[in-house]
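S.K.: Can you keep this structure in mind? I'll have questions shortly.
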Amino acid sequence: MEKGAPDVDDVLERGPIGRWRTACGTAAVLVGEEVVFAPDGTGVLHTRSVAFGAEALEFRWRMLGRARLWIESEDTPIPLEFRSHETDTGRRTVLAEAGQDGFWILLDPLEWVGDA
């Protein structure tokens, strides 16, 4: 992960507190999402695209055990995993939904951006 990023084990235990963006390489110039997980269990998903502009979706979240994230709109927990991911800007370690290409309702996995 990036320098200064949270410890992988801490994220899997305590949750992905901080700011994360979709790891989509140079396509981020045209479209992209950022997810902010606050320490108090609130969060917001920011989406933006050239065609639709910017939108925000607020949510609540909590951890239901190691690597099991619950988001209020979902019926079942989201199993989390870290893995290597290649984009046109290089390889990086990303946070993703286990067994899926992306994360939650997003098509791409997430890379750490900074603190919430």
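S.K.: If we count every other residue with Cβ under 13 angstrom of GLU72's Cβ, Lys/Arg +1 and Asp/Glu -1, where does the sum land?
M.R.: Here the count lands on -1.
S.K.: Once you sort the root eigenvalues of the Cα gyration tensor of the stretch 8-105 as a ≥ b ≥ c, which label holds: rounded (a/c under 1.5), prolate (a/b larger than b/c) or oblate (the other case)? List each step's numbers first, then the result.
M.R.: Numbers: a/c = 1.99, a/b = 1.25, b/c = 1.59.
It is oblate, given that a/c is not under 1.5 and a/b is not larger than b/c.
S.K.: At 7 Å along Cα-to-Cβ for each site, give me the label-to-label distance between GLU86 and ALA116 in nm.
M.R.: 3.5 nm
S.K.: Per residue of the stretch 54-67, what does 6.51 cos²θ - 1.76 cosθ + 1.60 with θ = phi - 60° give for ³J(HN,Hα)? Whole Hz please, x for Gly and Pro, Karplus curve as stated.
M.R.: After applying 6.51 cos²θ - 1.76 cosθ + 1.60, I find 10, 9, 9, 10, 7, 8, 10, 8, 6, 8, 10, x, 4, 6 Hz.
S.K.: Something else: Amide H to amide H under 5 Å from VAL113: which residues, 5+ apart in sequence or cross-chain, H placed 1.01 Å off N in plane?
M.R.: Counting only residues 5 or more places away or on other chains, the set is ARG19, TRP20, ARG21.
A short reminder: the numbers here are calculations on the coordinates, not readings from a lab. These numbers come from a predicted model, not from an experiment. Positions of Cβ are backbone-derived with ideal geometry, glycine not excepted, and every protein chain shown enters the neighbour counts.
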